[in-house]
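The values are calculated or read from the model by the stated rules, or taken from the named source; none is laboratory data. No experiment lies behind these values; they were computed from the predicted model shown. Ideal geometry is used to build each Cβ from the backbone, glycine not excepted, and the neighbour counts take in all protein chains shown.
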Amino acid sequence: MDVIAPEGSTVTQTPDTGFSGSGGASSAVWPDASELVYDDGVKARVDHLYTRVKDVVTPMEWPQFAPVIDAILRLKEERGATILAHNYMTPEIFNCVGDITGDSLKLAQVAAEAEEDVIVQAGVHFMAETAKILSPEKTVLIPDMEAGCSLASSITGADVQRIKAAYPDYPIVTYVNTSAEVKAYSDICCTSSNAVQVVEAVAQQWDTDTVIMIPDEYLAKNVAAQTGIKILTWKGSCEVHEQFTPEDIDDLRAAHPDAVILTHPECPPDVMARADFAGSTGAMAAYVKDKAPSKAILITECSMSDNVSVENPDTVFVKPCNLCPHMKRITLTGIYEALRDMKHEVEVDPVIAQKARASLQAMLDLPKPDAPPHFDTGRDIINVPYVSV
Ligand code: 13P
Ligand code: SF4
């Protein structure tokens, strides 16, 4: 079936994917996003996706989203691109255009193995950099270059070099929420999904009882509570998760005694200690899927509850909400424009990339657990000192 693409170029609809471009990237002149129209063709092609998001996207929003979703899906085919969407993406991105969705670890694993030539990172800049480091031959696009992270901006490569000089006998475990340069001067990376495993493995490899874990002081404290390894850390934090307080959890518990409370390990330890479950965004999603609680409260970024609720319609979600302003820079229009113009390409200095790859690869080479690991929330809170440099 032939249909008319924007500006009149003909594309061929195929039964499985919907579209394949008739002449590659230049076959259609794609208009400004505001000129994309919610017409009968768009309705026929993408309205089935609304069924999936109807509880988290209003009927008023859909006519604005649908033509951009349609254009992204068609451009994706033309460009041979895959879209990696983090769990904090808004529901219309996460559910309607994301090819692979998940937590930081899963997106890094997928980026290392992606077959497509173009990766669009629907996430923040350090995630796109990670994708580029792991797949240097690919074109990696991010819809907004300014999509940063308070953790990534809390530390520089020079800081890590100073730490290394001051503590040559201790391995440096660096959270993936950092720049390529910071990763390059580190010994191994971790995510919230494998942080305990990485700390224990590297302590064994280095035959040491002390590990440096940077730059998230709360993650470091939460990991220290799970292991006998001594940890030194850095004064960095996530601006989203640090806002949750123990009183918030107590109030939520009092208001919803029947709800299970899940936290992210970037939360302060006294918040995590009050929760029923703690883990990466992937671990939280897996918990809700496996346990099917009647009511759940996710102490994390706002879009997470929306996205998990789509998969788990029988669970009621109470939605305390802290938005990540960096994640929210990624929009459908931004994805469309990045793909249309092949712009906002992420580049990493090859020398830095090679060193950073070694730190990421050391993490990816560790055995993969069967299920996403979680933190035991019942542990005593451990005070973790900062490195002194
Ligand atoms: P995970 O998805 O790895 O749990 O990380 C959360 C986060 O804050 C990413 O920015
Ligand atoms: Fe960074 Fe926190 Fe935003 Fe994640 S949620 S990108 S850690 S600021």
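Results for (1) within 23 Å of the chain's Cα centre (by Cα); (2) not in a loop (DSSP other than H, G, I, E, B), shown as yes or no for each residue.
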| site | (1), (2) |
| --- | --- |
| P63 | no, yes |
| A66 | no, yes |
| D70 | no, yes |
| L73 | yes, yes |
| K76 | yes, yes |
| L84 | yes, yes |
| Y88 | yes, no |
| E92 | yes, yes |
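Just one of the listed residues (A81, A111) is buried (at least 19 other Cβ atoms within 10 Å of the Cβ), out of contact with any Asp or Glu (no Cβ under 9 Å at 6 or more places or on another chain) and of a type in the set (G, A, S), and it is A111.
Could you count how many residues in region 329-353 are basic (K, R) and not in a loop (DSSP other than H, G, I, E, B)?
Looking only at region 329-353, we keep the residues that are basic (K, R), and these are 329, 340, 343.
Those left that are additionally not in a loop (DSSP other than H, G, I, E, B): 329, 340.
Final tally of qualifying residues: 2.
Among the residues of region 59-108, the ones that are in contact (Cβ under 8 Å) with a residue 40 or more places away in the chain, more than 16 Å from ligand 2 (Cβ to nearest atom) and on the phi > 0 side of the Ramachandran plot come to 0 in all.
One line per residue, one yes/no per condition, for (1) more than 15 Å from N177 (Cβ to Cβ); (2) within 12 Å of ligand 1 (Cβ to nearest atom):
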{"residue": "P67", "(1), (2)": "yes, no"}
{"residue": "H86", "(1), (2)": "no, yes"}
{"residue": "M89", "(1), (2)": "yes, yes"}
{"residue": "N95", "(1), (2)": "yes, no"}
{"residue": "V110", "(1), (2)": "yes, no"}
{"residue": "V120", "(1), (2)": "yes, no"}
{"residue": "H125", "(1), (2)": "no, yes"}
{"residue": "T139", "(1), (2)": "yes, no"}
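Restricting attention to region 146-183, which residues are out of contact with any strand residue (DSSP E or B) (no Cβ under 7 Å at 6 or more places or on another chain), closer than 26 Å to G279 by Cα and away from ligand 1 (no atom under 13 Å from the Cβ)? Hits for region 146-183 are S179, A180.
For L332, state whether it is outside the structural domain of S193 (by TED's automatic domain parsing) and among the aliphatic types (A, V, I, L, M). Considered against the rule, which asks whether it is outside the structural domain of S193 (by TED's automatic domain parsing) and among the aliphatic types (A, V, I, L, M), L332 comes out as yes.
A Cβ distance below 7 Å, combined with a sequence gap of six or more or placement on separate chains, defines the contacts here; from region 124-151, residues that are without any contact (Cβ under 8 Å) to a residue 40 or more places away in the chain reach residues that are in a strand (DSSP E or B) in the pairs S135/I119; K138/V118; K138/I119. Output yes when any residue across region 307-316 is within 21 Å of V97 (Cα to Cα), more than 16 Å from ligand 2 (Cβ to nearest atom), β-branched (V, I, T) and out of contact with any Cys (no Cβ under 8 Å at 6 or more places or on another chain), and no when none is. Yes, region 307-316 contains a residue that is within 21 Å of V97 (Cα to Cα), more than 16 Å from ligand 2 (Cβ to nearest atom), β-branched (V, I, T) and out of contact with any Cys (no Cβ under 8 Å at 6 or more places or on another chain).
Set side by side, the residues T130, T210 differ, and just one is of a type in the set (S, T, N, Q), closer than 20 Å to I382 by Cα and either away from ligand 2 (no atom under 16 Å from the Cβ) or in the same structural domain as L105 (by TED's automatic domain parsing) (or both), which is T210. Looking at P320, P372, just one residue is closer than 25 Å to I93 by Cβ, surrounded by 14 or more Cβ atoms within 10 Å (Cβ to Cβ), over 17 Å from the mean Cα position of the chain (by Cα) and modelled with pLDDT under 95, and that residue is P320.
Return a yes/no flag: does region 200-222 have any residue that is part of a strand (DSSP E or B), of a type in the set (A, V, I, L, M) and over 24 Å from the mean Cα position of the chain (by Cα).
yes
Pairing each residue of region 287-315 that is of a type in the set (S, T, N, Q) with any residue that is modelled with pLDDT under 95, provided the two are 6+ apart or on different chains, yields C-beta distances under 9 Å for T300/N322; S305/K319; S305/P320; S305/C321; S309/K319. Residues in region 354-366 that are within 27 Å of P269 (Cα to Cα) and either basic (K, R) or assigned to a loop (DSSP other than H, G, I, E, B) (or both): L366 alone. Against the definition (within 23 Å of E266 (Cα to Cα) and surrounded by fewer than 23 Cβ atoms within 10 Å (Cβ to Cβ)), how does K106 come out, yes or no? Judged against the criteria, K106 is a match.
Results for (1) assigned by TED's automatic domain parsing to the domain that holds A111; (2) within 18 Å of A356 (Cα to Cα); (3) without any contact (Cβ under 8 Å) to a residue 40 or more places away in the chain, shown as yes or no for each residue.
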position	(1), (2), (3)
K164	no, yes, yes
A184	no, yes, no
T191	no, yes, no
D216	no, no, no
T227	no, no, yes
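Taken over region 115-127, the criterion of being within 13 Å of ligand 2 (Cβ to nearest atom) and either out of contact with any His (no Cβ under 7 Å at 6 or more places or on another chain) or among the aromatic types (F, W, Y) (or both) is satisfied by Q121, H125, F126.
I335: closer than 18 Å to V124 by Cβ, of a type in the set (V, I, T) and within 15 Å of ligand 1 (Cβ to nearest atom), yes or no?
No: the conditions fail for I335.
Scanning region 281-311 for residues that are more than 18 Å from H86 (Cα to Cα) and either surrounded by fewer than 24 Cβ atoms within 10 Å (Cβ to Cβ) or under 18 Å from the mean Cα position of the chain (by Cα) (or both) yields D290, K291, A292, P293, S294, K295.
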